[in-house]
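Notes follow the structure.
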Amino acid sequence: MTIPLVVGVDGSEASLEAVDWAADEAVRHGVPLHLLHAAPRDHEVSDVIGHASERAVKGAPTVRLSSEVLHDDAASALVDRGRNAFAMVLGSRGLGDLAGMLLGSVSLAVAARADCPVVVVRGAAEHRNDRFESVVVGVEEGEGSGTAVQFALREAQVRRCRLVAVHAWSTPLGALTPAQAPSWYALEAHRRSPAQVLDDALRTPEEQYHDAQVSRRVIEGPARQALLEAASEADLLVVGARRRQGHLGLQLGLTNHALLHHAPCPIAVVPRI
C-alpha cells in the first residue's frame with residue numbers, strides 16, 4: 001500500500017492553497033492525497049474537509065483522495081500522521097494565527113517535529129504554479145544535507161526541471177592573512193574546498209537521478225541570503241534538518257527558521273535520516 005501525501009486543512013485560504021499544491025504533487029508522484037483536519041473535541045466541525053476535497057478534485061481530477069477529522073491538537077495530530085507519510089504539506093498561516101505573523105505556529109511546530117519532509121506552501125501564485133521550472137537545494141558542510149539533496153533531485157526529475165544546488169560559505173572572523181591567523185590556515189589545509197563540498201554532496205544522488213539537470217552555485221556569504229536570492233526564481237526550496245542530540249524533534253537552526261518565515265516560494269524541510 002502506497003503511503004500518502006498528507007495535507008493539513010483548517011479552512012483558511014493558506015490551507016486551501018496548500019491543498020492545490022499538494023494535489024498536483026500527489027499526482028506528480030503517483031501517491032494518494034490524504035486531507036487531515038484537526039479540531040478540539042468541543043469545537044463544532046464545519047465542512048472544512050468537504051470544501052478542501054472539492055478544491056483538490058477540481059485542480060487535480062485524477063488524484064486518489066481520502067480524508068479524516070481528528071479531535072486533537074493540530075500540531076500533534078499532524079506530527080503523528082507524518083510518521084507514515086510521503087510528506088506533509090501545510091499552509092503558511094492558519095485561521096487561528098495572529099495578524100502580521102509571517103509563519104503560523106502550527107506550521108512551525110510541525111516543521112520542527114515531523115519525521116517526514118514538511119512542505120510549507122508560501123509565496124505568490126507564480127511561485128506555486130511551476131512557472132520558474134527550477135528547484136533549489138541548500139547544501140551544508142558535513143553530512144546533514146544528504147537526504148535533502150535526494151529529495152530535491154527527485155523533485156527536479158519528476159518535474160522535468162533543473163536543480164540548483166547552493167553551498168554558501170564564509171571566512172571566519174579574523175582569518176585575514178596567514179600571519180594573523182596561522183591556526184585557521186593550518187585547519188583549512190585539511191578541509192575540502194567549497195566546490196568539493198558541493199561535488200561530494202551531489203555525486204551519489206546524481207548517479208541515481210541521472211536525468212536531472214543540475215547546476216552548482218558556490219557563494220561566499222551568509223546561507224540565508226544566498227538561498228533567498230536563489231529561491232526568488234524557484235518553484236521549490238529544499239533544506240535539510242538534523243536530529244537534536246538526546247531530544248525529540250529537529251535542529252532547524254537560525255537559517256532554516258529565517259527561510260521558513262521569508263522564503264518567496266514553497267519550502268521543504270527534509271529531516272536527515
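Within the range 228-253, the set of residues being aliphatic (A, V, I, L, M), open to solvent by 10 Å² or more (accessible area, probe 1.4 Å) and modelled with pLDDT of 90 or more comprises LEU228 only.
Selection of the range 254-271 for residues being surrounded by 19 or more Cβ atoms within 10 Å (Cβ to Cβ), out of contact with any Gly (no Cβ under 9 Å at 6 or more places or on another chain) and not in a strand (DSSP E or B) yields only LEU260. Of the set (1) touching a residue at least 40 places away in the same chain (Cβ under 8 Å); (2) surrounded by fewer than 20 Cβ atoms within 10 Å (Cβ to Cβ); (3) farther than 14 Å from VAL89 by Cβ, all apply to VAL31 but (3).
Under the condition of being part of a loop (DSSP other than H, G, I, E, B) and touching a His at 6+ places or on another chain (Cβ under 6 Å), the residues counted in the range 56-78 number 0. Among the numbered criteria (1) touching a His at 6+ places or on another chain (Cβ under 6 Å); (2) modelled with pLDDT of 90 or more; (3) assigned to a loop (DSSP other than H, G, I, E, B), which one does ASP115 miss? Against the list (1) touching a His at 6+ places or on another chain (Cβ under 6 Å); (2) modelled with pLDDT of 90 or more; (3) assigned to a loop (DSSP other than H, G, I, E, B), ASP115 comes up short only on (1). For the range 69-91, what are the residues that are closer than 19 Å to PRO266 by Cα and either modelled with pLDDT under 90 or in contact with a Pro (Cβ under 8 Å, 6 or more places away or on another chain) (or both)? Scanning the range 69-91 gives ALA85, PHE86, ALA87, MET88.
Remark: pairs (first residue in the range 144-162, farther than 16 Å from GLU207 by Cβ and among the charged types (D, E, K, R); second residue assigned to a loop (DSSP other than H, G, I, E, B) and open to solvent by less than 10 Å² (accessible area, probe 1.4 Å); Cβ separation under 8 Å; 6+ apart in sequence or on different chains) = ARG159/ASP235.
Regarding the range 154-168, can at least one residue be identified that is modelled with pLDDT of 90 or more, under 16 Å from ASN256 (Cβ atoms), part of a helix (DSSP H, G or I) and among the β-branched types (Val, Ile, Thr)? No, there is no match, as no residue in the range 154-168 is modelled with pLDDT of 90 or more, under 16 Å from ASN256 (Cβ atoms), part of a helix (DSSP H, G or I) and among the β-branched types (Val, Ile, Thr). A single member of SER53, SER66 is of a type outside the set (Val, Ile, Thr), touching a Pro at 6+ places or on another chain (Cβ under 7 Å), at pLDDT 95 or above and within 30 Å of ARG160 (Cα to Cα), and it is SER66. Of all the residues in the range 175-217, those that are farther than 22 Å from SER145 by Cα and either modelled with pLDDT under 50 or among the polar types (S, T, N, Q) (or both) number 10.
Within the range 1-16, residues that are in contact (Cβ under 8 Å) with a residue 24 or more places away in the chain and under 16 Å from VAL79 (Cβ atoms) have Cβ atoms under 6 Å from residues that are outside any strand (DSSP E or B) and open to solvent by 30 Å² or more (accessible area, probe 1.4 Å) in these pairs: ILE3/ASN84; ILE3/PHE86; LEU5/PHE86; VAL6/ARG81; ASP10/LEU95, counting only partners at least 6 apart in sequence or on another chain. Would it be correct to say that GLU17 is within 27 Å of LEU103 (Cβ to Cβ), open to solvent by less than 20 Å² (accessible area, probe 1.4 Å) and among the acidic types (Asp, Glu)? Taking the combined requirement at face value, the residue does not satisfy it. Candidates are the residues of the range 123-143 that are surrounded by fewer than 19 Cβ atoms within 10 Å (Cβ to Cβ) and among the small types (Gly, Ala, Ser); the one that is farthest from the chain's Cα centre (by Cα) is GLY142.
The values are calculated or read from the model by the stated rules, or taken from the named source; none is laboratory data. The structure presented is a predicted model; accordingly, all values stated were derived computationally and were not measured. Backbone-built Cβ (ideal geometry, glycine too); neighbour counts: all protein chains shown. Ligands, DNA and RNA are stripped out before the accessible areas are found, and what is left, the full protein with its side chains, is counted by its heavy atoms. Shrake-Rupley method; radii C 1.70, N 1.55, O 1.52, S 1.80 Å.
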